[in-house]
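To start, the structure under review is shown below, and the notes come after it.
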Amino acid sequence: PSLQDGLRMTQTATAALESLQRRVIVPLPPPDDERAADRARAHLTTPVATASPPLTFSIVVPTYNRPSHLRGLLQSLALQRFPRQAFEVVIVDDGSDRPLDGIIAAFHEQLQIRLLRLPNRGCAPARQFGIEAACGRFLAFTDDDCRPSPDWLRHLHACLLRHPGSAVI
């Protein structure tokens, strides 16, 4: 990541903390450099390569050596009350000892799901790798030991539409 990428992540984290503390929506400042602005615009306007409608969400999930946790998360994501064609799940295997292909394959009928692999570098690099591969207009993050409610994406979407340019926690 560049210095500008680091600055943007710091701005995002600071806004998220302020939002949590003050219990208000804290909009992010516009990107400082043109390259970051161009990347942001390209990400929001790049169509998905298939004939399906554009994805609203990319759910990015880093995982490491917890296949049973991952299976539970995928079961809860399969229950989302949000159009299946409007979100993808990007699983980033951060160098697990056992392959996750079987777990992922079990959910191909229920979810648009992709498995990416990295050598073990930690949660943050795995999450960043998933971000770079994401195709959705919005990013949603969760961990393999979480069980989002069936209305998670629906509520996130409604909030993001009410408060454009904001990060939602």
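Before moving on, here are some points about what is shown:
- Test: residue in the range 127-134 that is open to solvent by 60 Å² or more (accessible area, probe 1.4 Å), under 16 Å from the mean Cα position of the chain (by Cα) and among the small types (Gly, Ala, Ser): no
- Failed criterion for Leu160 (all others in (1) modelled with pLDDT of 95 or more; (2) surrounded by 13 or more Cβ atoms within 10 Å (Cβ to Cβ) hold): (1)
- Selection of the range 1-19 for residues being polar (S, T, N, Q) and in contact (Cβ under 8 Å) with a residue 40 or more places away in the chain yields Thr12, Ser19.
For every residue, the table says whether it meets (1) over 17 Å from Asp143 (Cα atoms); (2) open to solvent by 20 Å² or more (accessible area, probe 1.4 Å); (3) in contact with a strand residue (DSSP E or B) (Cβ under 9 Å, 6 or more places away or on another chain); (4) at pLDDT 95 or above.
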| position | (1), (2), (3), (4) |
| --- | --- |
| Arg71 | no, yes, no, yes |
| Gln75 | no, yes, no, yes |
| Pro83 | yes, yes, no, yes |
| Phe87 | no, no, yes, yes |
| Val90 | no, no, yes, yes |
| Arg98 | yes, yes, no, no |
| Ile104 | no, no, yes, yes |
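- Odd one out for Tyr64 among (1) open to solvent by 60 Å² or more (accessible area, probe 1.4 Å); (2) at pLDDT below 80; (3) within 19 Å of Arg127 (Cα to Cα): (2)
- For the range 137-156, the set of residues classified as among the hydrophobic types (A, V, I, L, M, F, W, C) and open to solvent by less than 40 Å² (accessible area, probe 1.4 Å) consists of Phe138, Ala140, Leu153, Leu156, listed by residue number.
- Filter result (over 14 Å from Phe57 (Cα atoms) and part of a helix (DSSP H, G or I)) within the range 144-169: Arg162
The values are calculated or read from the model by the stated rules, or taken from the named source; none is laboratory data. Note that the coordinates shown come from a computational prediction; the quantities given were computed from them, not determined experimentally. Note that we place each Cβ from the backbone using ideal geometry, even for glycine, and neighbour counts take in every protein chain shown. Note: accessible area is taken over every heavy atom of the protein model, side chains too, but ligands, DNA and RNA are not part of it. Shrake-Rupley method; radii C 1.70, N 1.55, O 1.52, S 1.80 Å.
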